[in-house]
Structures are given as C-alpha cells and as structure tokens.
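S.K.: Sending over a structure as structure tokens; questions will come in a sec.
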C-alpha cells in the first residue's frame, strides 16, 4: 500500500539544513528511455528492485560532497556509526548525547518520521549527528568503501513472505553492501535487534553463510547481561511493555 505523504513535510525537513542531508535519488523504470526524455545521465548502479538511478542534481551533490567525505562534514576523524531505518530517532539521538566522540548518521526514508528525530536535537545544538533522508538501497552512493565503523539495524520490516526475503535488511545482498562500507577495525560490524524470531533466525543463517562471525547474542535482551547498557527505540519499549522477547546480536566480518 502506498504511503500517504504529509503535505509540506519535505520542505519542513530540508529546512533543517544544519542537520539534514537530502539523499532522495530519483529513479525511472529500466524500460523507460530516460536519455530521450530527461536532460541527464543514468548511473550504472541498479538497486535491489532493478530500477535505475537517475544521476540528477541530488545524486551529484551526494556523490561529490558526502560520499567518502563524512569526516569533513562532521569536521573530525571520529568513528562513524549509521542507523539504518532510524524512525523517530530516539535510539540514535540518545547515543549521540552519550557519546560525543562518535559521529552518528540516521538514515530514514519517511520524511514525516525523520522530522521527529531532527526536532529532538534541534534545540540541543548537538554537533555529532546528521539525518540522511534516503533509502538503504543507495548505500553505495551515500558512503565510500571502508568509511563506516558500525551499522545499527533495529526492528526492521521482517518481510515475512518468502518471495520478499531479498528485501530483508539482513539478506545476502544487503550484507555484502554493508561489508564493503565497514572498515577493517576489529570493532567494526553490525548491531542488530528485532522482536521477530523468524527474522532473527533468518539473519543468523544468512550472516553465517556469508562469512560473518557473531558476538553477544541474546534471545531475551531484557534478561541478559546487555540490558543495563541497552539503548531502546520507541518500538522496543512497546514490545518490552508487552513482555515480548527482544533478540540481539553483533556480527563482524571474517
């Protein structure tokens, strides 16, 4: 079902220019002859829905001014942590406040939701967080190889039907994309949380088959040794109130 966009939300989000980076890249179906109709060129990149990316002004801005240059954007060489699908931003903004020596990037496609995260930090003048309005399929354009130190994936869509398994953010194609963007430091890896047991089992199998190793696995986060240091998301708190187990793991490349 198509998501309803709130009128004016795009403009409101982009008005926070000190915090928000526009990564919404235009696309056209591969059967559409864009070169005949659009005064632009198309990149060779194809995302996981087999749509081609139009190399427009936003694309050029991302590739020329952000990809591989996030340390310059933040003004330091601190580690860079990205949350994929940051939602309303409680998790990543809490981390940014607790860890001023780490740079955080919140990646989210829903502009009306991302605004909530921006509003959380706007009045606090937090300098170590940026909000990237975009899609995880375009990780290749947003970040250079070896640029990231950690990727957080929290309570992503489980895409329960088998035919949609490639859309899961822990499927093989995404894992290979994450691997390219993470650097070789021993601490660089993926931190993953979900309330969905089947997605967790799928993720364990997919990561294991694709040469990832595991640390700090928990099948019930609330009752584990990691609960004291755990930073929650809005959804996570609701699940905990219902007594639902939270599954957690850390994955590192071999």
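S.K.: Please give the FRET efficiency for residue 253 paired with residue 26, using the beta carbon to beta carbon distance and R0 = 30 Å, rounded to the nearest 0.05.
M.R.: The calculated FRET efficiency here is 0.40.
S.K.: Next question. Calculate the FRET efficiency for residue 76 and residue 198 from the Cβ-Cβ distance with a Förster distance of 45 Å, rounded to the nearest 0.05.
M.R.: Calculated transfer efficiency: 0.65.
S.K.: Another one. Set the Förster radius R0 to 22 Å, insert the Cβ-Cβ distance between residue 173 and residue 144 as r into 1/(1 + (r/R0)^6), and round the FRET efficiency to 0.05.
M.R.: Calculated transfer efficiency: 0.70.
S.K.: Which entry in [x] 0.92; [y] 1.01; [z] 0.96 matches Cα Rg over 2.2 N^0.38 Å derived from the coordinates of this structure?
M.R.: [y]
S.K.: Next question, about the same structure. If packing is taken as the average number of other Cβ atoms within 10 Å across a peptide's residues, how do 86-94, 154-162 rank, most packed first?
M.R.: Highest mean packing first, the order is 86-94, 154-162.
S.K.: So what's the angle, to the nearest 10 degrees on a 0 to 90 scale, between helix 111-122 and the longest Cα principal axis of the chain?
M.R.: The answer is roughly 70 degrees.
S.K.: Among DSSP bridges having both ends in the stretch 9-253, what percentage is antiparallel? Round to the nearest 5.
M.R.: 40 percent
S.K.: May I ask you to order 102-113, 193-204 by the average number of other C-beta atoms within 10 Å around their residues, highest value first?
M.R.: Descending packing order for the listed peptides: 102-113, 193-204.
S.K.: Can you tell me, using C-alpha contacts under 8 Å and at least 6 residues apart, the relative contact order of the stretch 98-195 as a whole percent?
M.R.: Contact order relative to length: 29 percent.
S.K.: Another question, then. At what distance in nm do the modelled label points of residue 165 and residue 16 sit from each other, each positioned 7 Å from its Cα along Cα→Cβ?
M.R.: Label-label distance for residue 165 and residue 16, simple model: 3.8 nm.
S.K.: Would you mind calculating the relative contact order of the chain from Cα pairs under 8 angstrom and at least 6 residues apart, reporting the percent as a whole number?
M.R.: 17 percent.
S.K.: In degrees from 0 to 90, rounded to the nearest 10, what is the angle of the helix 197-209 Cα long axis to the longest principal axis of the chain?
M.R.: Tilt relative to the chain: about 70 degrees.
S.K.: Working out 0.36 nm times the residue gap between residue 9 and residue 99, then minus their Cα-Cα distance, what length gain in nm do you get to one decimal?
M.R.: So the chain would gain 29.4 nm between residue 9 and residue 99.
S.K.: Helix 172-181: angle to the longest alpha-carbon principal axis of the chain, degrees 0 to 90, nearest 10?
M.R.: That works out to roughly 80 degrees.
S.K.: A further question on this structure: Which distance in nm do the two modelled labels at residue 209 and residue 157 give, with both placed 7 Å along the Cα-to-Cβ direction?
M.R.: The two pseudo-label positions are separated by 2.2 nm.
Coordinate-derived values only; no laboratory data. Because the structure is predicted, anything quoted here is derived from the model rather than measured. Here the Cβ is made from the backbone with ideal geometry for all residues, glycine too, and neighbour counts use every protein chain on show.
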